[in-house]
Amino acid sequence: MTQIIDPFEDGSPLWLGLDEEGFRRKVFKVLGSDLRDSEFLNAGLTIFEPGEASSLHNHPDSEEIDFIVKGSGEVCDEDGNRNPFAEHTFMYIKKGVLHQHINTGREPLWLIWIYGPHGDLPTT
């Protein structure tokens with residue numbers, strides 16, 4: 001069965017990173033074992049305001065692919081290396097690799113993420 005999913009109407013919204021300055025972001029999860037009974041994938045949209053970032057995190061058993069819908073930023077690794085990304089680009093993150101998404105632009109960053117097999121979302 002094919003499903004059309006509006007992240008704002010059909011997604012499961014949650015805030016992440018509320019406890020630390022600069023790490024707040026809004027997540028709209030649209031797919032997972034707990035949402036739409038996905039067998040293999042987790043997916044969603046994360047919106048970062050200018051200057052906001054995810055925590056440095058990984059998905060120990062999952063590969064991740066991201067697509068930048070709008071905005072720009074940098075992805076940082078555990079050694080502090082920062083790689084810029086632009087609107088309409090993809091990034092691939094191998095399983096277990098620590099990474100952090102940072103909005104370095106002046107407008108909201110919209111990042112679509114998909115990873116599998118299932119794993120937990122970062123908690124911070």
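FYI, it's all coordinate maths here, none of it is from the lab. Bear in mind that the values here come from a model prediction, so they are computed numbers and not experimental data. In this analysis, Cβ positions are derived from the backbone assuming ideal geometry, glycine residues included, and neighbour counts consider all displayed protein chains.
Structural remarks
- From the alpha carbon centroid of segment 1-50 to that of segment 99-114 is 14 Å.
- When you restrict to C-alpha pairs under 8 Å that are six or more residues apart and normalise by the size of the chain, the relative contact order lands at 29 percent.
- Near Arg36, once Lys and Arg are set to +1 and Asp and Glu to -1 for all other residues with Cβ below 12 Å from its Cβ, the sum equals -3.
- Local net charge near Gln3, Cβ-Cβ under 10 Å (Lys/Arg +1, Asp/Glu -1): 0
- Entry for log10 I(q)/I(0) by the Debye sum over Cα atoms at q = 0.15 Å⁻¹ (calculated from the structure that is shown) out of (1) -0.65; (2) -0.57; (3) -0.71: (1)
- Across segment 7-13, rounded Karplus estimates of 3J(HN,Hα) from the backbone phi angles (6.51 cos²θ - 1.76 cosθ + 1.60, θ = phi - 60°) give x, 7, 9, 10, x, 9, x Hz, Gly and Pro being marked x.
- For Gly116, net neighbour charge (Lys/Arg +1, Asp/Glu -1) across residues whose Cβ lies under 15 Å away: -4
- In order through segment 107-114: 3J(HN,Hα) via Karplus (6.51 cos²θ - 1.76 cosθ + 1.60), integer Hz, x for Gly, Pro: 9, x, 9, 10, 10, 8, 10, 9
- A straight Cα-to-Cα reach below 19 Å connects Lys94 with the aspartates and glutamates Asp61, Glu63, Glu64, Asp66, Glu74, Asp77, Glu78, Asp79, Asp120, residues fewer than 8 places away in its own chain not being considered.
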